[in-house]
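The values are calculated or read from the model by the stated rules, or taken from the named source; none is laboratory data. Keep in mind it's a predicted model, so treat the numbers as computed, not measured. Methodologically, a virtual Cβ is constructed for each residue, glycine included, from the backbone with ideal geometry; neighbour enumeration extends over all protein chains shown.
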Amino acid sequence: QNAHYLADYRPYPFVLTATRMTFELHPQATRVVTALSLAPRDPQQAEDLVLDGGKGVKLVSLTIDGVAPDPSRIIRREETLTISAAALPPHPFLLETAVQIDPSANTAFEGLYISNGMFCTQCEAEGFRHITFYPDRPDVMATFHVTIDSDLPVLLSNGNPVGQSQGRAEWHDPWPKPSYLFALVAGDLVAVSDSFTTRSGRRVALNVWVRPGDQDRAGFAMESLVKSMSWDEAVYGREYDLDVFNIVAVDDFNMGAMENKGLNIFNSKLVLASPDTATDTDYDRIEAVIAHEYFHNWTGNRITCRDWFQLCLKEGLTVFRDQQFTSDLRSAAVKRIEDVQALRARQFREDQGPLAHPPRPDRYEEINNFYTATVYEKGAEVIGMLKRLVGDDGYRRALDLYFDRHDGDAATIEDWLQVFQDATGRDLTQFKRWYTDAGTPRLSLAEDWQPGDTGGTLTLTFTQDNPPTPGQTQKSPRVIPVAVGLIGPNGDEIVPTQVLEMTEASQSFSFDGLGARPVVSALRGFSAPVTLSRPLDDATRAFLLAHDTDPFARWEAGRDLALSALTAASRGQAVSGDYVDAIGHLIADGNADPAFRALCLNLPGEEEIATRLSSQGIVPVPDAIHVAREALARRIAETHLDLLSRLYDDMAVPGPYRPDASDAARRSLRHAVLALLTRIDGGERAEILFGIAGNMTERMAALTALLRRGLGQAELAALHDQFAGNRLVMDKWFGIQPMAAPPAQAVQIAHALSQRKDFDWKNPNRFRALIGGLSANHAGFHAADGSGYDFVANWLLRMDPLNPQIAARMSTAFETWTRYDAGRRARALTALERIAAADGLSRNTSEMVSRMIA
Ligand code: DPP
Ligand code: ZN
């Protein structure tokens with residue numbers, strides 16, 4: 001009864017052209033006056049006017065062309081306000097409402113709320129309906145004129161400033177936009193400012209707004225913004241289209257950041273960075289997310305989504321664009337490997353369990369539950385495949401056509417695919433299944449080698465299997481681009497990368513005229529988001545790790561070697577020395593990129609091992625996985641002690657901290673080595689590093705290594721003493737302890753932390769740090785006695801009434817529960833059922849839990 005279906009779409013029966021709003025800001029009683037210029041879509045067809053409006057929106061007055069209608073014509077329901085057709089003229093009219101809302105009571109951080117005395121908004125997906133009565137849907141687009149009355153010093157909204165006086169600011173946004181892109185900020189803020197001149201000569205004022213005192217941590221965000229603006233002009237030909245671009249950092253924020261037109265609002269952790277408070281990973285993420293939100297100005301704002309089922313239209317494309325940006329600025333190989341790692345850790349995991357859904361779902365109860373790895377990251381992978389299939393030129397032509405044809409539109413996935421068809425002539429009917437079908441295809445590869453007088457022939461037979469997912473039992477084959485190359489026995493590449501296009505359930509491709517049987521390098525660059533299984537022995541994997549020219553495939557060979565060792569060990573089987581030997585060669589290879597070596601040296605995480613086992617039909621045992629991984633790390637450290645010790649010393653980065661790719665690469669390798677050595681050196685190196693560290697990257701690496709060994713208490717205390725007043729550092733402090741704890745202590749540590757006065761759990765970052773930290777400790781969260789499940793369930797129940805989005809998001813800790821043994825399953829199910837049975841459970845959490853226990 002709560003469900004929304006893609007098939008039910010119909011256009012809004014009224015056309016809205018302009019929205020004018022006045023906000024009289026007050027913490028408990030903000031008055032919002034809204035004037036909507038509306039017209040019936042079809043004047044012959046009288047329809048009721050249905051506006052969205054949440055419970056907290058109190059109607060004060062309503063007029064149509066200045067006249068109050070008969071009150072019986074206005075019907076207030078829980079989430080809507082309806083004006084009956086009989087009260088509406090058959091021609092354009094002005095609807096004016098005045099409402100009152102209470103931002104101080106808004107703990108859900110949706111709509112207008114207060115964070116640290118600052119008013120701010122979050123309207124995607126459906127927050128605007130908590131501000132005023134409105135057709136709160138993405139296909140209703142209007143220009144906005146906003147007046148803010150408040151004594152606060154800085155008053156911001158979308159578009160260009162058109163009037164500023166004491167206690168009042170006026171903003172006009174000339175680009176028609178849906179309500180989810182509305183934003184307002186009012187507070188005591190200071191700006192770090194710069195400017196950018198676009199290709200066509202528009203001078204744009206740039207500001208990053210932060211709280212007084214935080215200015216010295218906003219510079220990197222600003223640099224990232226300038227780079228993003230140039231990159232989008234150079235690579236996509238997209239220019240910025242207003243006179244100002246504002247970014248605001250907010251401490252209480254449900255998501256990472258939000259692309260509101262001309263006024264991006266960011267979680268402060270994705271803006272503020274200084275060497276002593278932020279890690280290399282934080283810097284990377286800030287650069288990528290600033291870019292992501294900026295890129296939305298075209299892919300999301302100028303061209304938006306017709307309805308929320310099309311969310312991946314803007315998110316998949318914008319993630320793809322921010323990935324390209326990072327590859328261009330940093331190392332493309334490293335970026336690709338990191339993206340695949342993240343995809344597997346989050347999206348493959350989602351696909352394996354009860355929450356699997358297609359990039360374009362066709363049913364939802366609560367759209368906030370679909371801001372997922374499938375919509376974002378798999379949505380980006382699908383675009384990567386399209387680009388591979390049509391080529392770089394085809395992609396560029398298709399994107400140019402997309403921007404030309406759909407600027408100003410609220411578009412669909414069908415529109416998106418149509419521009420590719422029209423620009424390249426390629427039929428994408430079958431390809432579209434990537435958008436509509438859920439699940440990770442399983443691809444298997446069999447090889448047949450026939451020697452011959454004029455050269456041998458190698459035949460590769462690929463077979464795809466599309467496993468059933470909730471609501472989708474039968475699936476047809478997909479188009480799968482498989483990039484392959486062939487490597488001769490001496491290690492030279494004899495056939496460079498080519499893309500084999502698979503369209504059938506099973507398909508063979510032959511290479512002839514080959515001198516000797518080559519080794520196949522398959523799925524180069526991770527050319528499709530599938531799992532590939534092939535009978536490959538460890539010696540051949542080690543060969544690929546040494547010789548493959550494709551960096552992803554090379555890394556993957558090492559990964560497979562490690563996983564084969566780890567899955568065997570976790571099942572009590574003997575482990576060959578191939579991986580340990582191969583890793584030795586890699587450590588010694590001073591020519592290889594340090595970041596790449598670090599990626600190879602970091603063992604697969606316990607969660608990843610569990611996912612691999614489960615995909616092989618084996619029930620993962622969390623404690624056994626933990627023990628196996630620890631043992632392998634120790635063995636590597638013991639076997640290569642001298643080599644590793646030297647590398648640790650060699651990779652020290654002299655001079656002041658710089659967050660650039662090359663310094664960060666050296667640190668990442670050094671810290672991967674440190675993690676191994678700390679297993680056998682009693683923590684000596686890590687303690688020294690923590691003590692002399694000149695930046696947070698080194699400190700966190702040292703601390704993590706120590707905590708994993710059950711050490712690090714003095715270091716924790718020191719960090720706390722120094723940074724008790726810094727929220728973002730304290731979030732790390734809360735998160736790292738349950739995450740890196742030895743599994744047997746993880747729940748107890750999380751529990752003790754949750755009792756502290758400074759566990760400010762209503763702050764989403766703090767809550768995510770602790771609850772997410774425990775969930776990321778695989779063997780800790782999945783403790784056999786169910787204590788991890790109970791702890792997390794208790795906190796979800798506590799958070800749900802205040803902030804349903806966060807509770808629902810964090811409930812994904814349970815999304816893999818069905819893959820474990822009967823004892824764990826029973827305990828997880830008990831916890832989930834307890835959540836499901838709670839009185840007044842939000843629609844958000846209720847949908848998540850019911851999908852998980854279905
Ligand atoms: N649309 C945001 C983003 O992904 C999320 N609210 O950028
Ligand atoms: Zn986005």
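Residue by residue, here is whether (1) in the same structural domain as TYR113 (by TED's automatic domain parsing); (2) closer than 30 Å to ARG699 by Cα; (3) touching a helix residue (DSSP H, G or I) at 6+ places or on another chain (Cβ under 6 Å) holds:
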site: ARG217; (1), (2), (3): no, yes, no
site: GLU223; (1), (2), (3): no, yes, no
site: PHE245; (1), (2), (3): no, no, no
site: ALA249; (1), (2), (3): no, yes, yes
site: ASN267; (1), (2), (3): no, yes, no
site: PRO275; (1), (2), (3): no, yes, no
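Residues that are within 16 Å of ligand 1 (Cβ to nearest atom) and without any contact (Cβ under 8 Å) to a residue 40 or more places away in the chain within the range 319-338 comprise just one, ASP322. Here GLN310 fulfils each of the conditions (1) more than 16 Å from ligand 1 (Cβ to nearest atom); (2) over 29 Å from LEU613 (Cβ atoms) apart from (1). Has the range 140-155 got any residue that is surrounded by 21 or more Cβ atoms within 10 Å (Cβ to Cβ) and within 16 Å of ligand 1 (Cβ to nearest atom)? Within the range 140-155 (the criterion being surrounded by 21 or more Cβ atoms within 10 Å (Cβ to Cβ) and within 16 Å of ligand 1 (Cβ to nearest atom)), the answer is no, since none of the residues qualifies. Just one of the listed residues (LEU706, LEU711, LEU716) is crowded, with 21+ Cβ neighbours inside 10 Å and aliphatic (A, V, I, L, M), namely LEU706. Note on the range 35-133: enclosed strands (runs of 3 or more DSSP E) holding 1 or more residues that are touching a residue at least 60 places away in the same chain (Cβ under 8 Å) and aromatic (Phe, Trp, Tyr) are 111-115, 118-122.
Name the residue that is farthest from ALA779 (Cα to Cα), counting only residues in the range 549-594 that are modelled with pLDDT of 95 or more and in contact with a Gly (Cβ under 8 Å, 6 or more places away or on another chain). Ranking the candidates gives THR549 first. The listed residues are TRP308, TRP231, and the only one of them that is more than 28 Å from GLY127 (Cα to Cα) and either of a type outside the set (Asp, Glu) or more than 16 Å from ligand 2 (Cβ to nearest atom) (or both) turns out to be TRP231.
Looking across the range 247-285, the residues that are among the polar types (S, T, N, Q), assigned to a loop (DSSP other than H, G, I, E, B) and within 16 Å of ligand 1 (Cβ to nearest atom) come down to ASN254, ASN260. Checked against (1) within 10 Å of ligand 1 (Cβ to nearest atom); (2) under 17 Å from the mean Cα position of the chain (by Cα), GLY316 passes all but condition (1). The numbered conditions (1) touching a strand residue (DSSP E or B) at 6+ places or on another chain (Cβ under 6 Å); (2) assigned to a helix (DSSP H, G or I); (3) aliphatic (A, V, I, L, M) are all true for ALA291 except (1).
The number of residues in the range 831-846 that are of a type outside the set (Ser, Thr, Tyr), in a helix (DSSP H, G or I) and either without any contact (Cβ under 8 Å) to a residue 60 or more places away in the chain or not assigned by TED's automatic domain parsing to the domain that holds THR812 (or both) comes to 6. None of PHE767, PHE791, PHE814 is touching a residue at least 40 places away in the same chain (Cβ under 8 Å) and within 22 Å of the chain's Cα centre (by Cα) except PHE767. The residue that is surrounded by the most Cβ atoms within 10 Å (Cβ to Cβ), among those in the range 237-261 that are within 16 Å of ligand 2 (Cβ to nearest atom) and over 23 Å from TRP761 (Cβ atoms), is ASN260. Here is a list: ARG306, ARG336, ARG330. Which entry is closer than 19 Å to VAL419 by Cα and modelled with pLDDT of 95 or more? Within the list ARG306, ARG336, ARG330, the selection yields ARG306.
Counting the residues of the range 766-797 that are surrounded by fewer than 23 Cβ atoms within 10 Å (Cβ to Cβ) and under 16 Å from ASP252 (Cα atoms) gives 2. Tell me yes or no: at least one residue of the range 12-28 is touching a Lys or Arg at 6+ places or on another chain (Cβ under 6 Å), surrounded by fewer than 19 Cβ atoms within 10 Å (Cβ to Cβ) and under 24 Å from TRP308 (Cα atoms). The answer is yes, given that some residue of the range 12-28 is touching a Lys or Arg at 6+ places or on another chain (Cβ under 6 Å), surrounded by fewer than 19 Cβ atoms within 10 Å (Cβ to Cβ) and under 24 Å from TRP308 (Cα atoms). Just one of the listed residues (TYR294, TYR283) is touching a residue at least 12 places away in the same chain (Cβ under 8 Å), among the hydroxyl-bearing types (Ser, Thr, Tyr) and within 11 Å of ligand 2 (Cβ to nearest atom), namely TYR294. Name the helices (runs of 4 or more DSSP H) wholly inside the range 626-721 in which the number of residues that are in the same structural domain as ALA779 (by TED's automatic domain parsing) and within 18 Å of PRO594 (Cα to Cα) is 1 or more. Of the helices (runs of 4 or more DSSP H) lying wholly inside the range 626-721, none has at least 1 residues that are in the same structural domain as ALA779 (by TED's automatic domain parsing) and within 18 Å of PRO594 (Cα to Cα).
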